[in-house]
Amino acid sequence: MKFFIDTANLDHIREANDLGILDGVTTNPSLMAKEGIKGHDNIIQRYVDICNIVNGDVSAEVIATDLKGMIKEGEALAALHPNIVVKVPMIKEGIKAIRYFTDNGIKTNCTLVFSAGQAILAAKAGATYVSPFIGRLDDNSVDGVDLIEQIVHIYRMYDFQTQVLAASIRHTMHIVKCAEAGADVVTCPLDAILGLLNHPLTDIGLAKFLADYSKTK
Ligand code: E4P
């Protein structure tokens, strides 16, 4: 399972990258706004900065919702760096754009996916990644991890090559459950990744080992 970090914060990206476990980054317009990034040029610069830190796929989202606009934006984003994956919303024109990008060798991430039907369409269009938003489903009393399981099952049955990228992850248990469900990728905030380190018995055990070591000196 690949680990992506879900942020546009360079310090968080560096910290996760320094752990040696990072396979990529996802961003979206809300994450850019959260970092106070304003203006097209600064957004583009942030993508380049991220690509210069992480040796892995970096999702950059198109803003246009018409086919021509998505293609224009997506081609410009893809030209920034070989690691750029063009993130396209799950709408009718988005599916056409994904087909276009696939046919032209540009990697894509189909975003805002909330159903297995949408995931089938994304795979048929040749998306590199499909992003089901599990936290937002949980917020609406629908089990997001169930959707991951369902999509993984369908994709395996038909040998679809699209990778299931579990998004909208809120906590460490989501990561573990997505791993059990067979997600190809999880994209998580830094605190959810770091939360995987935690166990009180580890802390207690280490303190005891260090205390006992001092008795052997
Ligand atoms: C990543 O690709 C998604 O845009 C992101 O995980 C959405 O997360 P949220 O539901 O916490 O905004």
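The values are calculated or read from the model by the stated rules, or taken from the named source; none is laboratory data. Please read all numbers here as calculations on a predicted model, not as lab measurements. Methodologically, a virtual Cβ is constructed for each residue, glycine included, from the backbone with ideal geometry; neighbour enumeration extends over all protein chains shown. We work out accessible area using only protein heavy atoms, side chains counted, and drop any ligands, DNA or RNA first. Shrake-Rupley method; radii C 1.70, N 1.55, O 1.52, S 1.80 Å.
In the set G39, G94, which member is at positive phi and open to solvent by less than 60 Å² (accessible area, probe 1.4 Å)?
G39
Being more than 22 Å from C188 (Cβ to Cβ) and within 16 Å of the ligand (Cβ to nearest atom) is the filter here, so list the residues in region 44-64 that pass it.
Of everything in region 44-64, those that are more than 22 Å from C188 (Cβ to Cβ) and within 16 Å of the ligand (Cβ to nearest atom) turn out to be V62, I63.
Looking at (1) in contact (Cβ under 8 Å) with a residue 40 or more places away in the chain; (2) open to solvent by 30 Å² or more (accessible area, probe 1.4 Å); (3) under 14 Å from T187 (Cβ atoms), can you tell me which one S30 breaks?
(1)
Could you list all residues from region 1-21 that are of a type in the set (A, V, I, L, M), part of a loop (DSSP other than H, G, I, E, B) and open to solvent by 20 Å² or more (accessible area, probe 1.4 Å)?
Within region 1-21, M1, L19, I21 qualify.
Considering only region 81-104, how many residues are charged (D, E, K, R), part of a helix (DSSP H, G or I) and within 16 Å of P132 (Cα to Cα)?
0
Restricting attention to region 135-180, which residues are under 23 Å from L121 (Cβ atoms), surrounded by fewer than 17 Cβ atoms within 10 Å (Cβ to Cβ) and hydrophobic (A, V, I, L, M, F, W, C)?
Correct list: V142, I154, M157.
(1) within 27 Å of A125 (Cα to Cα); (2) in contact with a strand residue (DSSP E or B) (Cβ under 9 Å, 6 or more places away or on another chain); (3) not in a helix (DSSP H, G or I): which one isn't true of C51, the others all being true?
Result: C51 fails condition (3) only.
Please enumerate the residues belonging to region 110-134 that are closer than 19 Å to I175 by Cα and either open to solvent by less than 10 Å² (accessible area, probe 1.4 Å) or at pLDDT below 95 (or both).
T111, V113, Y129, V130, S131, P132, I134
So which of A79, A60 is more than 21 Å from D18 (Cα to Cα) and open to solvent by less than 10 Å² (accessible area, probe 1.4 Å)?
Only one candidate passes the filter, namely A60.
Could you tell me whether K38 is of a type in the set (K, R) and either part of a strand (DSSP E or B) or touching a helix residue (DSSP H, G or I) at 6+ places or on another chain (Cβ under 6 Å) (or both)?
No.
Out of all the residues in region 115-128, is one or more touching a residue at least 12 places away in the same chain (Cβ under 8 Å) and part of a strand (DSSP E or B)?
no
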